[in-house]
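Remarks on the structure that follows.
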Amino acid sequence: MQNPDKPEPSGMPFSLAVFGGLGVIPFAVGAVLANIPDAAQTGHWLIIGYGAVILSFLGGIQWGVGLKATPRAWLPYYVAIFISLTGWAAMLLPPLWGITLLASGFVCAYIYDAISVGVFDLPGWFLGLRSLLTVSVLSCLALAALPLIP
């Protein structure tokens with residue numbers, strides 16, 4: 001059995017890959033439910049609510065980046081709040097607009113994370129994990145949006 005904290009050849013700790021994958025499950029459940037007529041409202045509520053939580057989590061990562069930055073950088077804090085508020089705003093919108101705003105938030109967070117890897121000396125495996133998770137989340141959001149498109 002593999003040690004969950006032993007780095008993989010890519011350098012990514014196995015446990016983080018597992019936890020990241022588990023975090024996609026609520027997105028997948030929401031996307032499936034959103035396509036079942038009797039459960040669509042629940043599916044949209046689930047995927048938008050969970051998406052807002054995860055965007056706040058991504059904002060928290062940037063808050064941590066700001067704390068570690070030398071000299072202190074203000075941009076990670078700004079981005080952290082912007083990402084979190086994007087998720088909150090998505091919960092206030094009708095489902096199609098909320099899902100669209102979430103997708104935009106995930107894309108913007110990914111772009112900023114891609115820049116942050118070099119600027120703030122984040123681990124190289126971080127962007128690989130974020131790439132995989134972002135594509136998974138965006139796929140789920142697109143699937144959940146399908147029944148809402150007129």
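Tabulated data
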quantity: Measure of compaction for segment 82-150 (Cα Rg per 2.2 N^0.38 Å); calculated: 1.23
quantity: Prolate/oblate/rounded label for segment 43-127 (Cα gyration tensor, a/c 1.5); calculated: prolate
quantity: Computed helical MRE - 222 nm, the chain, DSSP H runs ≥ 4 contributing -39500 (n - 2.57), nearest 500; calculated: -26500 deg cm²/dmol
quantity: Helix 124-145 axis, angle to the chain major axis (alpha carbon atoms, nearest 10°); calculated: 10
quantity: In degrees, nearest ten, helix 14-34 long axis to first principal axis of the chain (Cα); calculated: 20
quantity: Fluctuation leader among Pro71, Pro95, Pro13 - the chain, Gaussian network, Cα springs under 10 angstrom; calculated: Pro71
quantity: Sequence-separation-based contact order of the chain, relative, with Cα cut under 8 Å and 6+ spacing, percent; calculated: 27
quantity: Alpha carbon convex hull of the chain, volume per residue in cubic angstrom; calculated: 103
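Where a number appears in this text, it was derived from the coordinates with a stated rule and is not lab data. Not measured: the values here are computed from a predicted model.
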